[in-house]
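Student: Have a look at this one before I ask anything.
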Amino acid sequence: RILIVAPTHREFRNITAAVEKRTAPHHNYTIIESGIGKAGAAAAVGATLATAEHPFARIVVIGFAAGSKGMHQGHIVVPNRAQYHACDVPEGF
């Protein structure tokens, strides 16, 4: 069981469509829309974990870090370390 967290509605819609296209997925996926930012992600994941009938083996956050230098929509970024980072969400985003 894998929990996929999508910050924006567009990301949620796209990952849901991609998972639904799979004819024989190897895993059981739950996809949630968390909203942008750490607080929204923490609240959404916490609520999902608290109400889940079964534990999740993995939690995956799918999104695009708009501040990533040199990166563009569609690029796949695989991190090699974890780092604390706070972001400002632009008005109207």
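Student: Evaluate the following for GLY74: is it modelled with pLDDT under 90, on the phi > 0 side of the Ramachandran plot and over 13 Å from the mean Cα position of the chain (by Cα)?
Tutor: Yes; evaluated as a whole, the condition is true for this residue.
Student: Please work out if ALA44 is surrounded by 14 or more Cβ atoms within 10 Å (Cβ to Cβ), part of a helix (DSSP H, G or I) and modelled with pLDDT of 90 or more.
Tutor: Spelling it out, ALA44 is indeed surrounded by 14 or more Cβ atoms within 10 Å (Cβ to Cβ), part of a helix (DSSP H, G or I) and modelled with pLDDT of 90 or more.
Student: If you don't mind, there's one more thing I want to ask. Kindly list the number of the only condition in (1) more than 22 Å from VAL78 (Cβ to Cβ); (2) in contact with a helix residue (DSSP H, G or I) (Cβ under 8 Å, 6 or more places away or on another chain) that fails for ALA43.
Tutor: (2)
Student: Can you tell which of THR30, THR51, THR23 is surrounded by fewer than 12 Cβ atoms within 10 Å (Cβ to Cβ), hydroxyl-bearing (Ser, Thr, Tyr) and at pLDDT 85 or above?
Tutor: Selected residue: THR51, the only one of THR30, THR51, THR23 that is surrounded by fewer than 12 Cβ atoms within 10 Å (Cβ to Cβ), hydroxyl-bearing (Ser, Thr, Tyr) and at pLDDT 85 or above.
The values are calculated or read from the model by the stated rules, or taken from the named source; none is laboratory data. Not measured: the values here are computed from a predicted model. Glycine also receives a Cβ, built like all others from the backbone with ideal geometry; neighbour counts cover every protein chain displayed.
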